[in-house]
1. Could you compute the net charge surrounding residue 86? Neighbours are other residues with a C-beta less than 12 Å from the C-beta of residue 86; K and R count +1, D and E count -1.
2. What is the gain in length, in nm to one decimal, between residue 22 and residue 217 on full extension, counting 0.36 nm per residue of separation less the C-alpha to C-alpha distance?
3. Going 7 Å from the Cα of residue 83 along its beta-carbon direction, which residues of the range 184-216 have the amide nitrogen within less than 18 Å of the resulting point?
4. Report the gain in length on full extension from residue 11 to residue 318: 0.36 nm times residue separation, minus Cα-Cα distance, nm rounded to one decimal.
5. Please order 255, 56, 180 by the number of other Cβ within 10 Å, starting at the fewest.
6. Among 86, 96, what is the fewest-to-most ranking by other Cβ atoms within 10 Å?
7. Could you calculate the FRET efficiency of residue 259 with residue 351 from 1/(1 + (r/R0)^6), where r is the beta carbon distance between them and R0 is 45 Å, rounded to 0.05?
8. Test of understanding: extend the Cα→C-beta vector of residue 61 to 7 Å, then name every residue of the range 305-321 with backbone N under 18 Å from that spot.
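Please treat every number below as a calculation from the coordinates, not as lab data. Fair warning: this is a prediction, and the values are worked out from it, not measured in the lab. Please note: Cβ atoms are built from the backbone with ideal geometry, for glycine as well, and neighbour counts cover all protein chains shown.
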Amino acid sequence: MTVRTRALIEAMFSGIRDGWLIIGAAVLLLVALEISTRIVLSLRTADEGGDATSIEHPYAAAEWFSDWERNRRRHAFGWYIDYAPYQGWEVRPGEYEGLHILPSGYRRTIQADTSEGPAKRPVLLFGGSTMWGYTARDHATIPSWVARQLAEAQIDDVRVYSRAQVAYNVTQGLATLLLELRSGSRPVAAVFLDGVNEIGPIVAGGRPGEIYLEAEARRRFASGKESTLALVLRLAGRSKLVAAVSPKRAPALPEIDAETDCDLLVDHYANLVRAGVALGSEFDFEILFFWQPTLAMTGKDLGPWEKIVMTDPGVYGTRMLKMQRACAAKINERMEPLRGSAFFSLEDVFDGVEGDQFLDHYGHVTEAANSRIAEAITEQLIPVLRDIPPSSRRESRGGKGIH
């Protein structure tokens, strides 16, 4: 090897080494800046913790909530979502303090041990994040409250199963029910708690009947796979540093045509309820649809936190308020023939209840408030589960239906 060749090789390796050192130094600098930004933001949040808003939040003093919320946010809205061919998505299994997602992908329901004794009759509960337990530990989700309340009513031959998933609407819930029936499950009752996720996609700029982020899912499917640039941009989107230096832009959302959108939403919902009732008749189980309570429609005296939420609802909260109020009367009118048999509106379930119950505009409530929603559900389940077969209950309706 000549001296010239050796010099060229040494220069090439020196350049590579220097390049990697520069890249490594840049990465270390970015990591240091990211960590520093997160520390500064956390300290700023801590400094702001003494204002009225933080103090009045119902969970402000709860020791469990901070870590629990961090785990929920990371798991349910982070990297732990899988594609589901019929429903769109499902949450992966995971285990944290007070937050257990089973191998089936559904939230754990706390109830009496059923490892011994006769087979239990299944009760399936469907819905979105409120039924899933977005603001509740395992023991205080609506399904866990229902299981406990049924046991207190001495109905001990049933097993309650949560089949809720974050952000699911009624269509996704019915698809989940169909998959249960396809697999051979034969529930004695199926309960749906919905409403907000019918409205939410419209609020986010979509159309009635869409799922959350449907347009985004369509774009990803059309592209086949993410480019390296898209992946880098998505990772950058999770950076606190990028968020801190990026200009804040208000979302460009289309105007809501509440009259037209509510008419379409009500048509969709009524058709889905009819389909669900037909499934119940064919497979001999009772199906109950509950329109969930929201801050926009409650008649209660607002608590301190609820007043803050109503005072500054934000862009999406304002649009949610508009749609909930516009659609409520139309839903109640269309579902009147099934009110008290297959349809129940819970918009007044907290009327007369003191203190904060709602945590936001999206139907998320405190753990104690979950128990009150569960009581309304359990009240309708008890006669279903006690010696009154579903067929007899349907006959007593006199053939009423919705069209």
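1. Working: positive: 182; negative: 90, 180.
Net charge around residue 86: -1.
2. Numbers: separation 195, 0.36 × 195 = 70.20 nm, distance 3.77 nm.
Extra length from residue 22 to residue 217 when fully extended: 66.4 nm.
3. The answer is 211-216.
4. Numbers: separation 307, 0.36 × 307 = 110.52 nm, distance 6.31 nm.
Between residue 11 and residue 318, full extension yields an extra 104.2 nm.
5. Working: 255 6, 56 15, 180 19.
So the ranking, lowest neighbour count to highest, is 255, 56, 180.
6. Values: 86 10, 96 16.
Result, fewest neighbours first: 86, 96.
7. Working: r = 27 Å, r/R0 = 0.60.
Given R0 = 45 Å and the Cβ-Cβ separation, E is 0.95.
8. 305-306
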